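Single-structure report; data block below.
The values are calculated or read from the model by the stated rules, or taken from the named source; none is laboratory data. Just so we're clear, the structure is a prediction, and the values are computed from it rather than from any experiment. Positions of Cβ are backbone-derived with ideal geometry, glycine not excepted, and every protein chain shown enters the neighbour counts.
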Amino acid sequence: MSGLIAESGLETSSKNTDYPTAQISSSVNDTCKDTTKNKNDIMIDSGTVPDFKSPHYRIKRTCRRNGPCGNLICYHGIHRSVCKTCDPVGYKISRIRSCVYSGLKRVGTVKNKKTLRYLGVESFDYFIQNMQGKMDLYNTKNPHGVQMTFENIHIDHIKPAKAFGDEINHYTNLQPLLSDMNMFKKAKWSQEDELFWRENIQNQPDYTEIYLGVGVNTSYVPEEKDAMTGSYLDKHGFVVKAKKPEKMVIRKNISEKCRNDLADQLLLWQANKPTCESEFFDDILCKLHGIQNTLQYSNHINPIDSPVFRAKTRLNEVITTYRALGNSNCLDRVNNLFLYDVTFQNHENIILAMYTLERIKQIQKHAQTLDYNLPNAQTACLLHELITVFNNGLLPPSRIRMSDLSLRQNAYNEDEEIGITDTQWGLFSHNCRAVKIRPSTRRELMDVIFALSVKIFGKCFTDKRETSRILKNSETLLSKTKKCYNYVGKCMSLSVYVRMTDWSKHELSDFEPHIVSKYKLDIRQRRDILIRDAQDPKKLKQQQLQQQLQQKILDQINIKKQNALKRKAVLLGTETSPKRPKL
């Protein structure tokens, strides 16, 4: 629910709207004084300790008791600059400032510039006129619905604050929304929304429509009830309905069409052909490798020398390798990193499955010192603890690992009682709600571990396969089948992550030893270090200087050897000594 500006902080009691002049003057003289003196001075003058919390010692200009006493408080009992009756323009400006501040706070940025610079406008009047134009267009299209005014709207970020950080408060990214519309929109943002926003809304002052999502229109239809959104918005005077006539099918078709178009653009980008989405794919590639897109901010950098070009070359090598091996699953995984936000996030979390428990605890401890939470740091630590509880009492071959949850049902007793602490269950219930019953057996605990791994690493990390086992009754000699599950860990996600990661930036001591040996991370790290040093101009210059120095040393050694051989030949008489030149 991006950009929510609640009006509860601006609406105060307006019962005492009119005060007689005589009453105001008497109340001012009787109850309020301008406390410019120091507390110690007052104590010395009076000889007693006064009650500084009493109205007598309130600052006169901000006193709210017995009517407005100072020039900062209006007759409605609130600050004059934010009163919608006494100063309508100031009230609007205060809401705009609050919107900008809250947007920056969501992305963890400190407000260090003027509000107008964040908005990208020269004056507040221009911004207010822009918002008023959007409200007028909505009111014209919905004459029978709730009319938008500055008193009943929320200033909403079209692209949510969680989706990006820069230019979040630009005036083209802000729109007026009724409170119920903002509750419906929330912070939902998909790839289709991103494409539409880039093409039609970003830095486009002419776009004055109200945007709730791709394939969604706002219109007031009091008789109809749309199946797509239910009756939540119908009760409040408007309906959000899909484009006619297929309703739900329309949005699905739009999503598939946008996804197919983006996939076509991805193939062109991978082939180094010009495409309109090159900047978008470059940004995702930079996030995958943890580098800065220098080509986006500078025109003086040779593209071949940029980190983006080297990262793209590495990506093409990975794609070529998978195509040569005929591994279509890994190839689809690589392409989906650029097409699906969920796949990208799961790929970023794969490294948590490779870390040791000590490293994850270090990340969790560091997250406690920040104003924001690192994603999945606490959840990954919880998964490690649950796996430790599950492995307690099992033989080493039957134990599961965070990087491999493979487990067959005949390797353990599913009905064996086992329990977890209240803290662990509370953290699981807060982070993952797939399992609602607290586990008391190994089977139920394995369901909890599987649900948590799906939340962190995605559905492609572990496969849950249904099977059955035969239970025999010793008394009646009857047998019956019971449904159970085998868990098969997939190495595809780990393999893609290992091939696409630059291991020169990691310390191998942070990873599990069996991961290092299985994927040969030490060899990959040495290779990446050599590639990095060969492409770094400073390191390359140092290597050249070292080679020149070594060559000089070798030349001097060769000269000394040649001179020694000549002297030896002269002593043996095989060669005459050179005559000294005459002076």
inquiry  = Which numbered condition in (1) more than 11 Å from Val496 (Cα to Cα); (2) modelled with pLDDT of 90 or more is the only one that Tyr322 fails?
reply    = (1)
query = Which residues, taken from segment 505-532, are surrounded by 13 or more Cβ atoms within 10 Å (Cβ to Cβ) and of a type in the set (Ser, Thr, Tyr)?
reply = Tyr519
ask   = On the given criteria, is His144 more than 25 Å from the chain's Cα centre (by Cα), under 29 Å from Asp193 (Cα atoms) and at pLDDT below 85?
value = yes
task = Take segment 339-353 and flag every residue that is part of a helix (DSSP H, G or I) and among the hydroxyl-bearing types (Ser, Thr, Tyr).
result = Thr343
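So that you can scan it fast, the table gives a plain yes or no per residue for (1) among the small types (Gly, Ala, Ser); (2) over 30 Å from Gln362 (Cβ atoms); (3) in the same structural domain as Met354 (by TED's automatic domain parsing):
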{"site": "Arg465", "(1), (2), (3)": "no, yes, yes"}
{"site": "Ser468", "(1), (2), (3)": "yes, yes, yes"}
{"site": "Leu471", "(1), (2), (3)": "no, yes, yes"}
{"site": "Asn486", "(1), (2), (3)": "no, yes, yes"}
{"site": "Gly489", "(1), (2), (3)": "yes, no, yes"}
{"site": "Met492", "(1), (2), (3)": "no, no, yes"}
{"site": "Phe511", "(1), (2), (3)": "no, no, no"}
{"site": "Arg527", "(1), (2), (3)": "no, no, no"}
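Just name the residue that is surrounded by the most Cβ atoms within 10 Å (Cβ to Cβ) out of those in segment 152-180 that are among the charged types (D, E, K, R) and either touching a Cys at 6+ places or on another chain (Cβ under 6 Å) or modelled with pLDDT under 85 (or both).
Once the filter is applied, the top-ranked residue is Lys159.
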remark   = Within segment 400-413, residues charged (D, E, K, R) and surrounded by 16 or more Cβ atoms within 10 Å (Cβ to Cβ) come out as Asp404
request  = Consider Leu471 carefully, then state whether it is modelled with pLDDT under 80 and loosely packed, with under 10 Cβ neighbours inside 10 Å.
outcome  = no
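Among the residues of segment 492-504, are any surrounded by 12 or more Cβ atoms within 10 Å (Cβ to Cβ), of a type outside the set (Val, Ile, Thr), closer than 29 Å to His347 by Cβ and more than 26 Å from the chain's Cα centre (by Cα)?
There is no residue in segment 492-504 that is surrounded by 12 or more Cβ atoms within 10 Å (Cβ to Cβ), of a type outside the set (Val, Ile, Thr), closer than 29 Å to His347 by Cβ and more than 26 Å from the chain's Cα centre (by Cα).
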inquiry  = Condition (residue is under 23 Å from Asp261 (Cα atoms), touching a residue at least 40 places away in the same chain (Cβ under 8 Å), among the hydroxyl-bearing types (Ser, Thr, Tyr) and part of a helix (DSSP H, G or I)) applied to segment 319-338: is it met by at least one residue?
reply    = no
request  = Test Ser509 against the criterion of being out of contact with any Pro (no Cβ under 6 Å at 6 or more places or on another chain) and not in a helix (DSSP H, G or I), and give yes or no.
outcome  = no
query = So which of Leu405, Leu383 is in contact (Cβ under 8 Å) with a residue 60 or more places away in the chain and either assigned to a helix (DSSP H, G or I) or not assigned by TED's automatic domain parsing to the domain that holds Val488 (or both)?
reply = Leu383
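Yes/no per residue for (1) out of contact with any Phe, Trp or Tyr (no Cβ under 7 Å at 6 or more places or on another chain); (2) over 19 Å from Thr501 (Cα atoms); (3) in the same structural domain as Lys459 (by TED's automatic domain parsing):
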residue	(1), (2), (3)
Asp332	yes, no, no
Asn336	yes, no, no
Asn349	no, no, yes
Ala353	no, no, yes
Glu358	yes, yes, yes
Gln364	yes, yes, yes
Gln368	yes, yes, yes
